[in-house]
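Here, each number is a calculation from the coordinates, and none is a lab measurement. Computed from a predicted structure; not experimentally measured. Please note: Cβ atoms are built from the backbone with ideal geometry, for glycine as well, and neighbour counts cover all protein chains shown.
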Amino acid sequence: MSGFFMHRFFLPELPEQRFHITNPDLIHQIRRVFRAKIGESFIFFSVWTSDIVYELTDLSDKKISFLQKEVLPPSKYSAIYLTVFQAYPHKNEMLELVVQKLVELGARRLVLFNSERSQKNDISSQKKLRIGKIAQEALEQSGGNLPLELIYSQENMVDIFRENSGLMHIVGHPHDENFINPTISVKNIWFWVGPEGGWSPAEEEFFHKNTFTFWKFNEHVLRLETASIAWSALLLYLAR
């Protein structure tokens with residue numbers, strides 16, 4: 001049995017063998033959106049757990065009941081820990097797309113920070129809730145079990161680096177001389193993405209002084225969201 005043919009739902013804690021759902025949003029999704037019927041199977045999972053198959057046993061407008069059927073084989077987790085340090089984008093739509101795709105790719109952490117050329121440096125509480133929901137939906141649909149850790153920092157690039165120094169830091173730069181190294185031996189990778197206006201001269205000087213690795217993807221200048229997604233996919237593939 002493959003979980004990819006069933007709808008998956010993330011829960012903070014896995015339920016008992018029999019359990020009920022009373023959350024109105026989840027009931028609406030299962031009953032109205034998926035048009036589920038008694039006897040159909042759904043998957044529930046939590047952090048670091050196997051997928052567990054439950055059969056729908058009772059259905060109403062206010063409560064849905066499930067009975068555990070099967071525990072699927074443990075998921076194979078990637079040993080690669082990719083952190084993307086990204087300057088705050090000026091549009092929330094960009095961030096929503098980046099979060100969705102990083103979850104699907106299997107990145108482990110996204111740290112937003114203030115760059116000298118950032119046009120905004122914060123996300124409202126309401127937007128954070130929306131982004132969190134997007135991340136959870138992407139995790140459910142992609143078959144992953146490890147949520148993307150989202151950090152909304154108010155610190156600048158220098159302070160962020162001081163808290164995370166000591167490992168392999170990579171900066172994608174279209175004007176560098178070196179293309180991507182096809183062999184990455186480390187499993188803990190930290191990748192930096194600048195704002196829409198690009199890195200400032202002071203920031204580039206800081207990178208050079210702290211011996212960051214500069215690579216270019218190709219000869220083109222990538223937009224912020226393209227750089228985050230394309231580089232993450234490539235780095236995860238090369239370090240696999």
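Summary table
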item: Label of the coordinate-derived value, Rg and Dmax of the Cα atoms in Å, listed as (1) 18.2, 59; (2) 20.7, 63; (3) 19.0, 60; result: (2)
item: Residue-span extension gain [GLU55 to ASN164] - 0.36 nm each, minus C-alpha spacing; result: 34.8 nm
item: SER200-ARG18 pseudo-label distance in nm [points 7 Å out on the Cα-to-Cβ vector]; result: 6.4
item: Of all DSSP beta bridges in the chain, antiparallel share, percent nearest 5; result: 35
item: Bridge type composition, the range 1-122 - antiparallel percent by DSSP, nearest 5; result: 65
item: Ellipsoid semi-axes in whole angstrom, largest first, where each is sqrt(5λ) of the Cα gyration tensor of the range 1-126; result: 35, 19, 11
item: Normalised contact order of the chain, rounded percent, pairs of Cα under 8 Å and 6 or more residues apart; result: 20
item: Calculated FRET efficiency for the pair LYS37/GLU93, C-beta based, R₀ 41 Å, to 0.05; result: 0.70
item: Rounded FRET efficiency, nearest 0.05, which uses the C-beta distance separating LEU26 from LYS187 and R0 of 30 Å; result: 0.25
item: Set of lysines near LYS91 by C-alpha distance (under 29 Å), chain-local residues within fewer than 8 positions excluded; result: LYS101, LYS120, LYS127, LYS128, LYS133, LYS216
item: Most mobile listed residue (THR22, THR211, THR57) in the chain, GNM with C-alpha springs under 10 Å; result: THR22
item: Debye, to nearest 20: dipole size of the range 14-165, +1 on Lys, Arg Cβ, -1 on Asp, Glu Cβ; result: 300
